[in-house]
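Okay, structure first, notes after.
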Amino acid sequence: MQLRDLHRQYQAMKGEMDEAILRTASSGNYIMGAVVEALEQRLADYVGVRHCVSCANGTDALRLSLMALGIGPGDAVFVPDFTFFATAEVVALQGATPIFVDVCEDDFNIDVDDLLEKIDHVKSHTDLRPVAVIAVDLFGQPADFTDLTLLCEGLNLHLIEDGAQGFGGSIYGKRACSFGDISTTSFFPAKPLGCYGDGGALFTDNDDWAALLRSLRAHGKGSEKYDNIRIGLNSRLDALQAAVLQVKLKHFDDELAAVNRIAQSYNERLRGKVATPIIPPAVTSSFAQYTIQTANRDALQTRLKAAGIASAVYYPRTMSHQAAFAPIASLQQPCPVSERLTQTVLSLPMHPYLTEQEIELVTETI
């Protein structure tokens, strides 16, 4: 699709969203309701699973997945060392222990070989029970769910997909947020499918887990509002955000094609200058971020800033070096690739409406 067509589409989409917001606001139904239920069905159909359960944000989605699976004190949950804080934070909130696993340098996602080593170490050197793996679709590229699924099935571990950055990605046509026992995503504005505030969702093919998640997101509700049969959260998606997301989902595939076109342009222009993202032929990324690697990261970022070009470092420190996890430092093993990435990664401007002139400015500056 040509750039002028995308801009025309954006203006049309904005008009549709404005109308949807006004219509929803006038309805008087602000929390949950028919608009949210319709969005959940459309999201489930898009991803290709039986159930979508929306919630207040992506962090709650992760925590709700752990709650539904009964994960708590004494349990070890394996998470990437190179990711956003929430992935490990929710494990600690449940009283379980996050165990940090190194990532692959090419795709930034959890390293299955290192995961197996970390599981063996926990079994032989701690009293913790290995119960689950949270695999992150970092920067939009799905993790290696082929090998992860085999490993988790073989060791009787739950597999949770943290698709906060991955919505729209795929492996052999199977879409992100359809992997694992339960998958989660975020609708934070900067995510591939973003709303006008916070929002999140969980996906599963398991009928019992879906029913449990619907209870847990609403204070452990039973058969009616004041029948509380378990301890839960107050984590419901508001209808205004659902109205926005319904419109944006209609246009999402065009935006997904656009970011992949932009990524290809970046790749061609930057080949041989810096390390660019590697996406295998069978994989589609939603490019929540376009992240390069260079030993001259800090100097390059300064140069980009001087040229008026925004960039960001995701992430400047690993999970195992976050002060909040200092009390469990003795349980962790080294993650050298993750450490190295904190010194070399730099994310460049990436959204569906970048112009060729903007791409040229970025790449020529680099």
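Here are some notes:
- Computed label-point distance, nm, for sites ASP106 and LYS225 using a 7 Å Cα→Cβ extension: 5.5
- Rough spin-label spacing in nm, given labels placed 7 Å along Cα→Cβ, for ALA275 and GLN333: 2.2
- Contact order normalised by residue count of the range 3-250, Cα under 8 Å, 6+ apart, percent: 25
- Between GLY15, LEU64, ILE119, the Cα set farthest toward the positive side of the dipole of the range 3-250 (charges on each charged residue's Cβ, about the Cα centre) is that of GLY15.
- Distance between the range 4-71 and the range 295-320 - C-alpha centres, whole angstrom: 33
- Shown is the FRET efficiency for ALA299 and GLN264, computed with R0 = 25 Å from the Cβ-Cβ distance and rounded to the nearest 0.05: 0.40.
- Stretched out straight at 0.36 nm per residue, the stretch from SER26 to LEU150 would grow longer than its current Cα-Cα span by 39.7 nm.
- Global geometry of the range 252-365, whether rounded, prolate or oblate, following the gyration tensor of its Cα atoms and the 1.5 cut on a/c: prolate
- Subset of LYS191/LYS305; LYS174/LYS248; LYS174/LYS250; LYS191/LYS273; LYS250/LYS273; LYS273/LYS305 violating a 30 Å alpha-carbon distance limit: LYS250/LYS273
A short reminder: the numbers here are calculations on the coordinates, not readings from a lab. On a predicted model such as this, the values are computed, not experimentally measured, just so you know. So basically every Cβ, Gly included, is an ideal-geometry build from the backbone, and we count neighbours across all protein chains shown.
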